[in-house]
Amino acid sequence: MAILPSARSLRFLIFTFIETNSPMFYLFDEEFDVCFCLRQSRLSRAAADAVQRLLPEYANGELANVCIWADRIKFRYRWSSALHYVNTPESLCTYQYARDCKDENGVEGRCVAGAINNYTSQLLTYKTRSSSSQYNLTEALLFLSHFMGDIHQPLHVGFAEDKGGNTIEVHWYTRKQNLHHIWDSNIIETAEEKFYDSSVDGLIDAIQTNITKEWTDEVEEWEKCNSKKIACTDIYASESIRAACDWAYKGVTEGATLAAQYFSTRVPVVYLRLAQGGVRLAAVLNSIFG
């Protein structure tokens, strides 16, 4: 097993595929502009070719170069802000699409799960759409890749009352932060500093090694869908809200200081979700593009 912080390490990097021949991860946080490349191809040739064709020219052939596009575009596409998360009411630790997937105005389907379903459906038209409509499919690819990361971050599937931990003010060691930001960024940053000499490559290698070794018997299960859908958002979101209840929110009170103990027990959850998100994104793209 690769040396990971406290057994299996993880971090809620958002998984996106940047290079056509390898899965890419990037942090869930829009402010942490770093992409993580797993050095093993999980994309089929057809999927890799389709990704290449759909990428905008400024990406220079790498999805990693546009991995945070969906975060940056929120300021122009204000309608997309609600698509990055889904919240459950009354601190419920279960997810139900019909109950939970709606925006603050009650519009159904406007949440991260609905967005994944929507952009998956759009991309399924790839082989039949004319070249004049490729721009929309480019955006669909960028949105889908990003949202597959978001849905695997526990606090992107959190409680409505605290906006996924955004209103819970705590201290991360000595720094004042909100709980959501800790799961978006701080846990990973701390893992890099403590275990990898602040090296992103070291973290990538550790996650990759665990996917191919420690988690190898679990990968096939991660890829499975218990429905006819290509992306099983009910599974992803249900896992995330359970992780939010069991790990993100548990034991946390307003103004608390979260430090070594919280870090060491939560960082494995982050890495696991990163790995699952990356594997599943590859599986979804392979299913879409054949």
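Pairwise Cα separations in region 134-283 fall into 5 Å bins from 0 onward with the following percentages, short to long: 2, 9, 17, 20, 19, 16, 11, 5, 2, 0. Distance between the pseudo-spin-label points of Glu218 and Arg129 (7 Å out from Cα toward the beta carbon): 3.5 nm. Note that region 195-242, at 25 °C in a medium of 0.890 mPa s, gets a Stokes-Einstein diffusion coefficient of 190 µm²/s from its Kirkwood radius over C-alpha pairs.
With K and R counted +1 and D and E -1, the other residues having a Cβ less than 13 Å from that of Glu221 yield a net charge of -3. For region 67-149, the list of trypsin sites (Lys or Arg not before Pro) that fall in a loop by DSSP and count at most 12 other C-beta atoms within 10 angstrom reads Arg76, Lys127. Need one number: nm distance between label points at Glu104 and Gln261, each 7 Å from Cα along Cα→Cβ, rounded to one decimal. Between Glu104 and Gln261, the label points sit 3.6 nm apart. In loop segments of region 150-218 as defined by DSSP, the trypsin sites (Lys or Arg not before Pro) with at most 12 further C-beta atoms inside 10 Å of their C-beta are Lys213. Put in order of Cβ neighbour count within 10 Å, fewest first, the listed residues Cys225, Cys67 become Cys225, Cys67. Taking 0.36 nm per residue of sequence separation and removing the Cα-Cα distance, the Asn226/Lys74 pair yields an extension gain of 51.5 nm.
Contact order, relative form, for region 13-289: 26 percent (alpha carbon pairs under 8 Å, 6 or more residues apart, mean separation divided by residue count).
Work the Kirkwood hydrodynamic radius out for region 131-192: mean of 1/r over every pair of different alpha-carbon atoms, inverted, in Å. For region 131-192, inverting the mean 1/r across all distinct Cα pairs yields 13.6 Å.
Rounded to the nearest 0.05, the FRET efficiency derived from the C-beta distance between Cys93 and Thr167 at R0 = 22 Å is 0.75.
Kirkwood radius, region 13-289, all distinct C-alpha pairs, inverse of mean reciprocal distance: 18.7 Å. Ignoring lysines fewer than eight residues from Lys176 along the same chain, the ones with Cα atoms less than 21 angstrom from its Cα are Lys163, Lys194, Lys250.
Since every read-out is calculated from the coordinates, none of them should be taken as a lab result. Everything numeric in this text was worked out from a predicted model, so none of it was measured. Counting neighbours? That spans all protein chains shown, and the Cβs are built from the backbone with ideal geometry, glycine included.
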